[in-house]
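See structure below.
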Amino acid sequence: SGACWAEVINKFKDHMFPNIFNMNDLFQALHGSKVKSVNLSNNRISDVGAWDIAANLQGTLVEELDLSGNNISDAGARDLIHNLHGTSVRALNLSRCRISSEGAKYLLANLPSQLISLGLEGNLGLSF
């Protein structure tokens, strides 16, 4: 929803990029920056939002992506993992989302070759 994206934008606006007003601005700013770590945890990001974020990481220097504590389900995680192929992302945190054991199995079977860390703690039906 718009309110969720507004929270994400305000986090970036306050801390890093004063000219961010919407997600397109955020993605454009990431493409022109040296930012290597993006923390978007606890922002009520949905499956569609996760897909959008991952699709826009192509060509950035982002190596760490924290999407923990969001509303990302198996479907969003599948789309996310496919969009991360060909990016610089090496660490992905999806802890405390809504990913089931079936979704976790899918993620593990389809990891991009550059991904070396995947956080899944606190998801539905998973125990570590």
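In the stretch 40-128, one over the average inverse separation of all distinct C-alpha pairs is 12.5 Å, which is the Kirkwood hydrodynamic radius.
For the listed peptides 44-51, 57-64, a ranking on the average number of other beta carbons within 10 Å per residue, highest first, reads 44-51, 57-64.
For Q28 and N110 in one chain, what is 0.36 nm times their gap in residues minus the Cα-Cα distance, to one decimal in nm?
Values: separation 82, 0.36 × 82 = 29.52 nm, distance 2.78 nm.
Taking Q28 through N110 to full extension adds about 26.7 nm, to one decimal.
Neighbours of K36 by Cβ distance under 11 Å: Lys/Arg scored +1, Asp/Glu scored -1, total 0.
None of the figures in this text is laboratory data; all of them are computed from the coordinates on show. Quantities reported herein were computed from a predicted structural model and do not represent experimental measurements. Please note: Cβ atoms are built from the backbone with ideal geometry, for glycine as well, and neighbour counts cover all protein chains shown.
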